[in-house]
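To keep things clear, I will list the structure first and then write my remarks on it.
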Amino acid sequence: MLIVKKFKFEAAHRIAKGYKGICANIHGHSWNGEIHIQIEKLDQYGMGIDFNDINPFIDIITQQMDHGILLYKEDHDVVSFVEKQGYKVLLFNDNPTCEVVANYIYDLAIDHFKKKSQHIAVKQVIIEETCDAKIIWP
């Protein structure tokens, strides 16, 4: 069976590395996401996983990203500025596109849930950065 938990966060980003379009400007989104977890069997309570047991992972995402600025680590001028201002920033090894953010959250979820149970498998993460555009990873 597939368990789905939704989450959201507010964050700014910019597409800096080689990008010449309007998204090279710092701008923000209301990011909406879903984590899809496949469960092999039900526990003694008739649950695949308690939704409340997913919340600590969602808390990790919101603590890292909510009301932060997502930047490419080589975007030196902007990174230096936001760090000097004491702003919340999360650095990525590539442009923080919707695809890169989805991959990042997926990798975090894999690490987080593999410690919980061998019967839990993270299948995908969906990230919407706008109301009409989303990424499904992988």
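Between a residue in the range 56-77 that is free of Cβ contacts under 8 Å to residues at least 60 places away in the same chain and any residue that is acidic (Asp, Glu), which pairs come within a Cβ distance under 8 Å, given they are 6 or more apart or on different chains?
Between residues of the range 56-77 that are free of Cβ contacts under 8 Å to residues at least 60 places away in the same chain and residues that are acidic (Asp, Glu), the close pairs are ASP66/GLU10; HIS67/GLU10; TYR72/ASP94.
How about the range 62-118: which of its residues are of a type in the set (D, E, K, R), exposed (fewer than 13 other Cβ atoms within 10 Å of the Cβ) and under 30 Å from GLY48 (Cα atoms)?
Those that are of a type in the set (D, E, K, R), exposed (fewer than 13 other Cβ atoms within 10 Å of the Cβ) and under 30 Å from GLY48 (Cα atoms): ASP111, LYS114, LYS115.
Within the range 69-100, can you find the residues that are of a type in the set (Asp, Glu) and closer than 21 Å to ILE136 by Cα?
So in the range 69-100, the residues of a type in the set (Asp, Glu) come out as 74-75, 77, 83, 94, 99.
ASP94, GLU99 - these are the residues of the range 69-100 that are of a type in the set (Asp, Glu) and closer than 21 Å to ILE136 by Cα.
Any idea which residue in the range 42-57 is nearest to HIS112 (Cα to Cα), counting only those that are crowded, with 17+ Cβ neighbours inside 10 Å and among the aliphatic types (A, V, I, L, M)?
For the range 42-57, the residue satisfying everything is ILE54.
Within the range 1-16, which residues are surrounded by 13 or more Cβ atoms within 10 Å (Cβ to Cβ) and either without any contact (Cβ under 8 Å) to a residue 40 or more places away in the chain or in a strand (DSSP E or B) (or both)?
Scanning the range 1-16 gives ILE3, VAL4, LYS5, PHE7, LYS8, PHE9, GLU10, ALA11, ALA12, HIS13.
What number of residues within the range 28-41 satisfy the criterion of being surrounded by 12 or more Cβ atoms within 10 Å (Cβ to Cβ) and either out of contact with any helix residue (DSSP H, G or I) (no Cβ under 8 Å at 6 or more places or on another chain) or basic (Lys, Arg) (or both)?
First pass over the range 28-41, keeping only residues surrounded by 12 or more Cβ atoms within 10 Å (Cβ to Cβ): 28-39.
When the remaining residues are screened for being either out of contact with any helix residue (DSSP H, G or I) (no Cβ under 8 Å at 6 or more places or on another chain) or basic (Lys, Arg) (or both), the result is 28-30, 32, 34, 36, 38-39.
Within the range 28-41, residues that are surrounded by 12 or more Cβ atoms within 10 Å (Cβ to Cβ) and either out of contact with any helix residue (DSSP H, G or I) (no Cβ under 8 Å at 6 or more places or on another chain) or basic (Lys, Arg) (or both) number 8.
Where in the range 48-133 are there strands (runs of 3 or more DSSP E), lying fully within it, with 1 or more residues that are at pLDDT below 95 and farther than 16 Å from HIS29 by Cβ?
By residue number, 120-130.
Out of all the residues in the range 14-28, is one or more closer than 30 Å to LYS116 by Cβ and modelled with pLDDT of 95 or more?
Scanning the range 14-28 turns up no residue that is closer than 30 Å to LYS116 by Cβ and modelled with pLDDT of 95 or more.
Taking the range 19-47, which residues are touching a residue at least 40 places away in the same chain (Cβ under 8 Å) and either over 22 Å from PRO138 (Cα atoms) or among the aromatic types (Phe, Trp, Tyr) (or both)?
TYR19, ILE26, TRP31, LYS41
Listed residues TYR19, TYR45; which is of a type in the set (Phe, Trp, Tyr), farther than 24 Å from GLY68 by Cβ and either over 22 Å from the mean Cα position of the chain (by Cα) or not in a strand (DSSP E or B) (or both)? Before the answer, list the steps.
Numbers: TYR19 fails: farther than 24 Å from GLY68 by Cβ.
When all the criteria are applied, what remains is TYR45.
I need the full set of residues from the range 119-138 which are touching a Phe, Trp or Tyr at 6+ places or on another chain (Cβ under 7 Å) and closer than 18 Å to ASN55 by Cα, in order please.
ILE120, VAL122, GLN124, VAL125, ILE127
The values are calculated or read from the model by the stated rules, or taken from the named source; none is laboratory data. No experiment lies behind these values; they were computed from the predicted model shown. For neighbour counting, all protein chains shown are included, and Cβ atoms are generated from backbone atoms with ideal geometry for every residue, glycine included.
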